[in-house]
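The values are calculated or read from the model by the stated rules, or taken from the named source; none is laboratory data. Because the structure is predicted, anything quoted here is derived from the model rather than measured. All Cβ positions, glycine included, derive from the backbone under ideal geometry; neighbour counts span all protein chains shown. We work out accessible area using only protein heavy atoms, side chains counted, and drop any ligands, DNA or RNA first. Shrake-Rupley method; radii C 1.70, N 1.55, O 1.52, S 1.80 Å.
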Amino acid sequence: MANRSEESEHDTVLRRSNQGGVLDLVVKRPLRWLRMLVEELHWSFFFGVIVVYGVSQGLGKGLSKVSTQYYFKDEQMIQPSQAQVYVGLIQVPWIIKPVWGLLTDVVPVLGYRRRPYFVFAGVLTMVSMMVLSVHRNLQLGLALSCLVAGSAGVAIADVTIDACVTQLSISHPTLAADMQSLCGMSSSIGSLVGFSLSGVLVHLFGSKGVYGLLGLTAGLIVVVGLLLKESPSRSPGRKHVNEKFIDAGSAIWKTFQYGEVWRPCLFMLLSAAVSLHIHEGMFYWYTDSKDGPSFSKEAVGSIMSFGAIGSLVGILLYQNFLKNFPFRNVVFWALSLSVLSGFLDLILVLRINLKLGVPDYFFIVVDEFVSHMISRIKWLPLLVLSSKLCPAGMEGTFFALLMSIEHVGHLLSSWGGGVLLHALKVTRTQFDNLWLVIVIRSLLRVIPIGLVFLIPNVDPSSTILPADMLMNRRSEDVVETDKIEMTALLNNEA
């Protein structure tokens, strides 16, 4: 009896220990991590990240993606190949992010370098979304103009907060991976909420009603600009601004002369360009009543929410287990898994899953979860690497330039996917060759694996640029740290 009692007590202690370990991993450790970032980087950093990454990009992406797909399909009545091309066109403002970054770095407005750009970005997004929401029978050209303008507003807000993130990565190099994880986590949680609500909201209010909601949430970006604590600086003359542009161009050119910079940039461009996007073709097939599963709006939104969960899991995996590994190793294995996950769509379209007794919804949810998790694990080390390639004083401009290179690749992949869908005659009602589109897309994903040698084989704690490029050589011509504050963002003052 005594032995049984001791064993029972031992089991109880062990069970409590396991529960405490799970609680520590799921709750306590993330809270300690967030508290550490708050203490090191100041609470206002979180406000900017949550609004821009969590609300504007995360929630906004979740709501806008589903609403735009149904807007093109049901309101504009266009083919999937056209929709794929137009989706790429909407991303053009992200390609010219260096322009926004250069403006925020060297051109103050009314004596301020950050606040006016947040306000302008919010107003631009609000107006464009409201026009889409209230205007009936809007012509395709005008509708595309509004979508591009809304995308531009989000891009301007993004590049403004990116400048702060990049500067902090230079001043706190050991926290570079943590900051990217925070940004990615905010975006993923926002996307999860957005995708979870998107199908229901589109069903209740229609795609144009969702655009109205996006216009309201864009007002938070304006709030960021109004609450931004930033010390005013004397507006430079036109000659002084021209000198700054020349200095910026010179710094960018000098930085790109380093092989450690242009090689990973080439990798990001090529790897994104050959990974063709065929999302619109798959969406039309999802909602087709004859050949596809004929999912409802609610089902489409919930499926995409599992993709957001996969992204969040990918962030957690990278943050807890992969962030200290060399960039090249993480990207290589993520690319290898990406090739395999691409063929899951083939199993679905050929209806092999039904022959195996696996329902469409369950299979698509797993596919969405896995593909987004792998994509996030592949992307995070490249983000951290990009933040370490930026010269001091040009953080916003150069980081935006690196991201625009990635967006050029995504634009090419989106247009390439549209051309492929059109060439193989995948239409609103014809999906006979969709399986071949998937095979070609998946095989092209092998190409980037052979290009990973372009990525530096260093870990996130390493310094890549020479020391002289990480120092402000002309303090009067750059944005001083103590003048770029988001409620004392870059200072540790309470």
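Structure notes:
- Condition met for Arg16 (open to solvent by 30 Å² or more (accessible area, probe 1.4 Å), in a helix (DSSP H, G or I), at pLDDT 80 or above and of a type in the set (Lys, Arg)): no
- Leu228 satisfies every condition listed in (1) modelled with pLDDT under 80; (2) open to solvent by 20 Å² or more (accessible area, probe 1.4 Å); (3) not aromatic (Phe, Trp, Tyr) except (2).
- Among the residues making up region 257-295, those that are within 17 Å of Leu348 (Cα to Cα), open to solvent by less than 20 Å² (accessible area, probe 1.4 Å) and outside any loop (DSSP other than H, G, I, E, B) are Glu280, Gly281, Met282, Phe283, Tyr284, Trp285.
- Count - residues of region 45-88 that are over 30 Å from Asn137 (Cα atoms) and open to solvent by 40 Å² or more (accessible area, probe 1.4 Å): 2
- Residues of region 455-473 satisfying the condition of being in a loop (DSSP other than H, G, I, E, B) and modelled with pLDDT under 65: Met471, Asn472, Arg473
- Residues satisfying the stated conditions in region 253-271, i.e. of a type in the set (Ser, Thr, Tyr) and at pLDDT below 90: Thr255, Tyr258
- Meets criteria (crowded, with 19+ Cβ neighbours inside 10 Å, touching a Lys or Arg at 6+ places or on another chain (Cβ under 7 Å), at pLDDT below 90 and not assigned by the TED database to the domain that holds Gly60) for Ser311: yes
- Residues in region 442-457 that are open to solvent by 40 Å² or more (accessible area, probe 1.4 Å) and among the polar types (S, T, N, Q): Asn457 alone.
- Single match in Val241, Val202, Val222, Val193 (criterion: crowded, with 23+ Cβ neighbours inside 10 Å and either modelled with pLDDT of 85 or more or more than 23 Å from the chain's Cα centre (by Cα) (or both)): Val202
- The sole residue among Leu147, Leu142 that is hydrophobic (A, V, I, L, M, F, W, C) and either in contact with a Cys (Cβ under 9 Å, 6 or more places away or on another chain) or surrounded by 22 or more Cβ atoms within 10 Å (Cβ to Cβ) (or both) is Leu147.
- Counted residues, region 157-185 - those being open to solvent by less than 20 Å² (accessible area, probe 1.4 Å) and under 13 Å from Leu312 (Cβ atoms): 4
- Some residue of region 149-161 being part of a helix (DSSP H, G or I), over 22 Å from the mean Cα position of the chain (by Cα), farther than 26 Å from Ala392 by Cα and among the aliphatic types (A, V, I, L, M): no
- Taken over region 34-44, the residue count meeting the criterion of being open to solvent by less than 30 Å² (accessible area, probe 1.4 Å) and under 20 Å from Leu312 (Cα atoms) is 1.
- Selection status of Val123, of a type in the set (Val, Ile, Thr) and either in the same structural domain as Phe399 (by the TED database) or at pLDDT 90 or above (or both): yes
- For region 407-442, a tally of residues being basic (Lys, Arg) and either at positive phi or within 27 Å of the chain's Cα centre (by Cα) (or both) returns 2.
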